[in-house]
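Written out below as structure tokens is the structure these notes cover.
The values are calculated or read from the model by the stated rules, or taken from the named source; none is laboratory data. These figures come from a predicted structure and were not determined experimentally. All Cβ positions, even for glycine, are placed from backbone atoms using ideal geometry, and neighbour counts span all protein chains on display.
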Amino acid sequence: MGVMTINGRRVAFTDEKNVLSVIRKAGINIPTLCYLSEMSTFGACRLCMVEDERGKMFASCSEVPRDGMTIYTNTVRLQKYRKMIIQLLLGSHDRDCTTCAQSGDCRLQDLAHKMNITSVPYHDTRDVHTIDTSSPSIVRNMNKCILCGDCVRACSELQGLGVLEFTRRGADALVSTAFDRPIAQTSCVNCGQCRVYCPTGAITIHSNVDEVWEAIGDPTVRVVAEIAPAVRVA
Ligand code: FES
């Protein structure tokens, strides 16, 4: 319990688990790509950074609120860094937005529009990954993955499956399956939760999912096609 000052306004908090929750409770909008209140905190995207009165920046999702804290959520410096983060993500991301299945429903695209980003001053030096279409339900295109870890946590923490996991390190880091197997050769149950939480087009629903599952004759297609989108929590 305590009171903190956000953008010059005093805001009381009780048992909020992090500064980001207090900011949102105060009705202040702050962009995030990796924070999911119903799952563990990952702190990867750094978009939720705030600045304290000494100019120290920190990720608000990973900081416990303290009585007497003073923070700013939208300084010129923060705006500059957030823009740079989105440009860096776009720089290592397939930019075929106009033909992407998630176009218009992509949080990365949405943030780029909101920040008025019209160019990306970085070259893409990543490997090109093969698109995994082996699953009857989802398509995995790691060329559009931003390593937010949302799918990894949804698969392990919500579904208890752990089909998706991080692999490799540093600039080569990737979300993949055990032994890099195609998704159809894993214990994936086609629940669609990874798609529900993926903020980009890295995981999409198979365009012909209904026909595929009709051919297979398995009614669980409903889970992916109808139930999954409704499960998404902000
Ligand atoms: Fe805090 Fe991504 S939301 S680091």
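Given (1) within 16 Å of the ligand (Cβ to nearest atom); (2) out of contact with any Pro (no Cβ under 8 Å at 6 or more places or on another chain); (3) not β-branched (Val, Ile, Thr), identify the lone condition not met by residue 66.
Of (1) within 16 Å of the ligand (Cβ to nearest atom); (2) out of contact with any Pro (no Cβ under 8 Å at 6 or more places or on another chain); (3) not β-branched (Val, Ile, Thr), only one is false for residue 66: (1).
Condition check: closer than 15 Å to residue 200 by Cβ, within 16 Å of the chain's Cα centre (by Cα) and outside the structural domain of residue 181 (by TED's automatic domain parsing). Does residue 96 satisfy that?
no
If residue 3 meets every condition in (1) farther than 30 Å from residue 119 by Cα; (2) under 21 Å from the mean Cα position of the chain (by Cα); (3) surrounded by fewer than 19 Cβ atoms within 10 Å (Cβ to Cβ) apart from one, which number is that one?
(2)
Given the conditions (1) more than 15 Å from the chain's Cα centre (by Cα); (2) within 14 Å of the ligand (Cβ to nearest atom); (3) charged (D, E, K, R), and given that residue 46 satisfies all but one, which numbered condition is not satisfied?
Single failed check for residue 46: (1).
Which of the residues spanning the stretch 37-59 are touching an Asp or Glu at 6+ places or on another chain (Cβ under 6 Å) and modelled with pLDDT under 95?
Taking the stretch 37-59 as the starting set, the residues that turn out to be touching an Asp or Glu at 6+ places or on another chain (Cβ under 6 Å) are 39, 57.
If the condition is that a residue be touching an Asp or Glu at 6+ places or on another chain (Cβ under 6 Å) and modelled with pLDDT under 95, then 39 is the only one that fits.
Applying the selection to the stretch 1-51, what residues are farther than 20 Å from residue 79 by Cα, part of a loop (DSSP other than H, G, I, E, B) and of a type in the set (Val, Ile, Thr)?
14, 41
Say we look at the stretch 19-50 and pick out the residues that are closer than 14 Å to residue 149 by Cα and polar (S, T, N, Q); which of these is surrounded by the most Cβ atoms within 10 Å (Cβ to Cβ)?
32
Within the bounds of the stretch 70-82, is there any residue that is over 24 Å from residue 196 (Cβ atoms), free of Cβ contacts under 8 Å to residues at least 60 places away in the same chain and aromatic (Phe, Trp, Tyr)?
The answer is yes, given that some residue of the stretch 70-82 is over 24 Å from residue 196 (Cβ atoms), free of Cβ contacts under 8 Å to residues at least 60 places away in the same chain and aromatic (Phe, Trp, Tyr).
Residue-by-condition table, conditions (1) buried (at least 16 other Cβ atoms within 10 Å of the Cβ); (2) at pLDDT below 95; (3) part of a loop (DSSP other than H, G, I, E, B):
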site: 127; (1), (2), (3): no, yes, yes
site: 135; (1), (2), (3): yes, yes, yes
site: 190; (1), (2), (3): yes, yes, yes
site: 212; (1), (2), (3): no, yes, no
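Pull out all pairs, ordered by first then second residue, where Cβ-Cβ is under 7 Å, the residues are six or more apart or on different chains, the first lies in the stretch 161-188 and is assigned by TED's automatic domain parsing to the domain that holds residue 130, and the second is exposed (fewer than 14 other Cβ atoms within 10 Å of the Cβ) and not hydrophobic (A, V, I, L, M, F, W, C).
161/187; 163/187; 174/168
Among the numbered conditions (1) under 17 Å from residue 171 (Cα atoms); (2) in the same structural domain as residue 191 (by TED's automatic domain parsing); (3) part of a helix (DSSP H, G or I), tell me where residue 151 comes up short.
Checking residue 151 against (1) under 17 Å from residue 171 (Cα atoms); (2) in the same structural domain as residue 191 (by TED's automatic domain parsing); (3) part of a helix (DSSP H, G or I), the one that fails is (1).
Quick grid of which residues meet (1) surrounded by 12 or more Cβ atoms within 10 Å (Cβ to Cβ); (2) β-branched (Val, Ile, Thr); (3) over 19 Å from the mean Cα position of the chain (by Cα); (4) modelled with pLDDT under 95:
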residue	(1), (2), (3), (4)
61	yes, no, no, no
74	yes, no, yes, no
90	yes, no, no, yes
104	no, no, no, yes
120	yes, yes, yes, yes
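How many residues are aliphatic (A, V, I, L, M) and buried (at least 22 other Cβ atoms within 10 Å of the Cβ) if we restrict to the stretch 143-162?
So the count comes out to 2.
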